[in-house]
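Computed from the coordinates by the stated procedures, all read-outs in this text should not be read as laboratory data. Here the structure is a predicted model, which means the values were calculated and not measured. Note that we place each Cβ from the backbone using ideal geometry, even for glycine, and neighbour counts take in every protein chain shown.
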């Protein structure tokens, strides 16, 4: 027996390994990744507020000794005819590893813009190493420019302001966060940032980083120049699918799976989970989507591990569909922003509760009914929406 290989040690890969073992699988389970397992929410939260060590560790549900950890290894390619992987070790040796089952949980990497100029002083935020490199630069008086006004960009802005930095956010969006939660809530959150001292330059794009060896500023498309000590690019992510090419898998925007999280395009025992998986969710129609939320990735990993256990023992007829209400949270200043469902699907947004401080509950609907909810400092009041969204089937 060759055992199971899990490519990726984020929450999805780790939970898949744990669920596979809990399902009674006795053979080796090897987890391969270039990075150590981490609690990823800390990357854009605690790790930017102070140096982080212990609190970034991945919380394990089972003993680490139950698994083989191949950290610092990089998977170069996959062969689903031979059921094997080509792997580069930390010593730069090339080895082939066979498997009986495979979990694809290789996640995402930060997207960077094709902008000319020096690289020093230019940061992204995806890994703990990214956060540890950025954190010392978030200090009093530093001029921090953030490109992108999504949740990562806004969380970095809040952390930088809290440490006394001078923060400017540049974004092609007219309203921060509008593509995720709509214009009205985006404006409320942007207003809080402005009250805390953040400057927004919206409906704008960067065409050049200024400086010789290190960034000293940026040039915008209207020729405006902005001074900067540090630039953080928070402009989205790209799925890590290069190692999967050539295996008849659908790699359009991640890895396409069926409702059980089995990879589409192969009869081998292969599942995909986490941010990289593009999967259908019966609660929100037949369209397969990638959902980049920590809680979804963990639950998806657990489900994928159970599915793989059934595939390996020949009881695939017992596989169950992955049906899940996505959720996410974001802490910015004294705002606790929480969501259930997929608010971006909403074509109609209703603010059903609001106060003068901007705290509120927003409901999102499309032609099928309620598809999402977002609360600002309304955590307990929106908890029942999870049950409402679960009843959409």
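Want the number for residue 199 to residue 2: 0.36 nm per residue separation, take away the alpha-carbon distance, what's left? Intermediate results must be reported in sequence, preceding the final value.
Details: separation 197, 0.36 × 197 = 70.92 nm, distance 5.54 nm.
That pair, residue 199 and residue 2, stretches by 65.4 nm at full extension.
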Response to the item:
Candidates 316, 79, 65; GNM for the chain (alpha-carbon contacts under 10 Å) flags as most fluctuating 65
Worksheet entry | Tail weight of P(r) past 17 Å, computed on alpha-carbon pairs of the stretch 112-233, percent | 53 percent
Discussion item. Between 0 and 90 degrees, rounded to the nearest ten: what's the tilt of helix 183-195 against the longest Cα principal axis of the chain?
Written reply: 60 degrees
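Return the percentage of antiparallel bridges among DSSP beta bridges fully within the chain, rounded to the nearest 5 %. Walk me through the numbers on the way to the answer.
Numbers: 48 of 81 bridges.
Taking every DSSP beta bridge with both residues in the chain, the antiparallel ones total about 60 percent.
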Practice prompt. Can you check how the C-alpha radius of gyration of the stretch 256-300 compares to 2.2 N^0.38 Å, as a plain ratio?
Written response: 1.09
Worksheet item: If one computes the Cα centroid of the stretch 302-369 and of the stretch 252-276, what distance in Å separates the two points?
Response: 20 Å
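Rank the residues 308, 80, 102, 185 as a footprinting-exposure proxy: fewest other Cβ atoms within 10 Å of their Cβ go first. The partial results should precede the final answer.
Working: 308 32, 80 18, 102 23, 185 26.
In order of increasing Cβ crowding within 10 Å: 80, 102, 185, 308.
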Response to the item:
Assertion target for 339, 77, 380, ordered by fewest C-beta neighbours within 10 angstrom first, is 380, 77, 339
Response to the item:
On the formula 1/(1 + (r/R0)^6), with r taken between the Cβ atoms of residue 91 and residue 345 and R0 of 56 Å, the FRET efficiency rounded to 0.05 is 0.75
Worksheet item: So, how do all the Cα-to-Cα distances of the chain break down into 20 Å bins, in percent, from 0 on up?
Response: 27, 55, 19, 0
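Take every DSSP beta bridge whose two residues both sit in the stretch 112-233, then give the antiparallel share in percent to the nearest 5.
Working: 7 of 23 bridges.
That works out to approximately 30 percent antiparallel.
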Worksheet item: Quick one: if you stick a label point 7 Å off each Cα along the C-beta vector at residue 366 and residue 391, how many nm between them?
Response: 2.1 nm
Worksheet item: Using a simple spin-label model with points 7 Å from Cα along the Cα→Cβ vector, what separation in nm is obtained for residue 238 and residue 329?
Response: 3.3 nm
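Give, in nm to one decimal, the length gained when the segment between residue 82 and residue 245 is fully stretched (0.36 nm per residue of separation minus the Cα-Cα distance).
Taking 0.36 nm per residue and subtracting the Cα distance, the gain is 57.2 nm.
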Worksheet entry | GNM result for the chain, Cα springs below 10 Å: residue of 33, 248, 106 fluctuating most strongly | 248
Discussion item. What is the angle, in °, between the Cα long axis of helix 151-162 and the longest principal axis of the Cα atoms in the chain? Nearest 10 is fine, range 0 to 90.
Written reply: 50 degrees
